[in-house]
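Structure first, commentary second.
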Amino acid sequence: MSPWSIDSPGADINIGIGTREVAVGPRWTRWTPARKPTSPAGPRSVPMPETQWFTQAGVFDALRAALEPAPDSVAAQAPSVPSRTRGAHIVLDDFWGNHAILRGDFRTLRAREVDEIARAHFIDTYGVDGETIVVRACVQRGGRAMFASALPCALVDGMREAGASAGARMLAVKLCLPEMLNRTLHRMPRANAMVVFAADALIQAVLIEAGGWACYDVQRLFAGDACDPAKVTLLAEQAFERCAERTTLKHEDCALGFYGSGIAIDLAALQARFASVTTLAPPNACHELEGGESFARHLLEYAQ
């Protein structure tokens, strides 16, 4: 049996939580070429029933099912091999949380104070109880902006319990957008830019001014939008208009980067308005993400 299999005793795993599917795959470790496996195990995914799409109950049920060992792997494991809890690294579709870019002078604040400012923002914006959310914040170099994210405690606790029931201990949990930003910003040709991420249920935009975070915007994608380039293009333009209200930036000042996993966009229309347009990921056929099942597998790479 391959040592990279997600059913190997004690093997750490990556988990992608989509809106309609949960995917589980092996977690790659460093290796020398001589030790590289010849037949690595691939990811396994479990779709949620339609009645549980976009629900926490759907996440928990699909996660438990995805973590169950495959029937053949149960037989393959020798009884003498002691079992060990697997470590799970989870990345969620951004549908499950909220993001914000806050600007101010954070240079002298402690990490706890930064987190409390972020928490207060989500409480004021969404009217939630501060005890019901988990907040993470990162201050940009220079201390003038922070990127903040929030997840429901009920979702985090439920994933932890679902994993534990299947012998997986949650080691890390994060939303996808910050990971996508980290891997794409260096490809933007200008210090003024807007990066657009369109996938599954959301189209998200991050505006960068003079190399610093300026604004975040998010809009919902509904059934059929993924295969309508004009609709996605319009939403991207609307995102820029809202973000730019707080800055002095204009279309012609900015580069635009578009990451559309399985979602099409009218690049010619955007090239006529922005200083440049960079495609950050090759668009797949729109039907691959119609229904959202495929995107959970795309999340696995951001858990690595």
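For the reader, a short list of remarks on this structure follows.
- Scanning the stretch 251-268 for residues that are within 23 Å of the chain's Cα centre (by Cα) and assigned to a loop (DSSP other than H, G, I, E, B), we see that the one that is surrounded by the most Cβ atoms within 10 Å (Cβ to Cβ) is ILE263.
- Matching option when the condition is closer than 24 Å to CYS243 by Cα, among the acidic types (Asp, Glu) and within 20 Å of the chain's Cα centre (by Cα), among ASP94, ASP105: ASP94
- Within the stretch 218-235, not a single residue is in a loop (DSSP other than H, G, I, E, B), without any contact (Cβ under 8 Å) to a residue 40 or more places away in the chain, open to solvent by 20 Å² or more (accessible area, probe 1.4 Å) and more than 29 Å from GLU50 (Cβ to Cβ).
- Against the criterion of being in a strand (DSSP E or B) and free of Cβ contacts under 8 Å to residues at least 40 places away in the same chain, VAL128 does not qualify.
- The stretch 132-145, subset over 18 Å from the mean Cα position of the chain (by Cα) and not β-branched (Val, Ile, Thr), residue most open to solvent (accessible area, probe 1.4 Å): ARG141
- Condition check for ALA145: more than 28 Å from GLY16 (Cβ to Cβ), of a type outside the set (S, T, N, Q) and in contact with a strand residue (DSSP E or B) (Cβ under 6 Å, 6 or more places away or on another chain): yes
- Any hit, the stretch 145-155, residues being assigned to a strand (DSSP E or B), in contact with a Ser or Thr (Cβ under 6 Å, 6 or more places away or on another chain) and closer than 25 Å to SER261 by Cβ: no
- ALA162 vs. criteria part of a helix (DSSP H, G or I), touching a Phe, Trp or Tyr at 6+ places or on another chain (Cβ under 7 Å) and over 30 Å from ALA255 (Cα atoms): yes
- Considering the stretch 269-295, and only residues there that are aliphatic (A, V, I, L, M) and modelled with pLDDT of 90 or more, the residue that is surrounded by the fewest Cβ atoms within 10 Å (Cβ to Cβ) turns out to be ALA272.
- In the stretch 113-123, the residues that are under 24 Å from the mean Cα position of the chain (by Cα) and open to solvent by 70 Å² or more (accessible area, probe 1.4 Å): GLU116
- Here ARG187 passes the criteria (1) of a type in the set (D, E, K, R); (2) open to solvent by less than 50 Å² (accessible area, probe 1.4 Å); (3) over 20 Å from ILE17 (Cβ atoms) except the one numbered (2).
- Candidate set: the stretch 147-181, residues that are touching a Leu at 6+ places or on another chain (Cβ under 8 Å) and free of Cβ contacts under 8 Å to residues at least 60 places away in the same chain; chosen: the one surrounded by the fewest Cβ atoms within 10 Å (Cβ to Cβ): LEU151
- Counting only strands (runs of 3 or more DSSP E) that sit completely within the stretch 1-114, those holding 1 or more residues that are modelled with pLDDT of 60 or more and in contact with a Pro (Cβ under 6 Å, 6 or more places away or on another chain) correspond to 21-26.
- Residues of the stretch 86-98 satisfying the condition of being more than 19 Å from THR55 (Cα to Cα) and open to solvent by 10 Å² or more (accessible area, probe 1.4 Å): ARG86, HIS89
- Verdict on ARG183 being outside any strand (DSSP E or B) and more than 15 Å from the chain's Cα centre (by Cα): no
- Residue satisfying all of: in the stretch 192-217; open to solvent by less than 60 Å² (accessible area, probe 1.4 Å) and outside any strand (DSSP E or B); modelled with the lowest pLDDT among these: ASP200
The values are calculated or read from the model by the stated rules, or taken from the named source; none is laboratory data. This one's a predicted model, so the numbers in the text were calculated from it and none came from an experiment. Cβ: placed from backbone, ideal geometry, glycine included. Neighbour counts: every protein chain shown. Quick note on the areas: whole protein, heavy atoms, side chains included, nothing else; ligands and nucleic acids left out. Shrake-Rupley method; radii C 1.70, N 1.55, O 1.52, S 1.80 Å.
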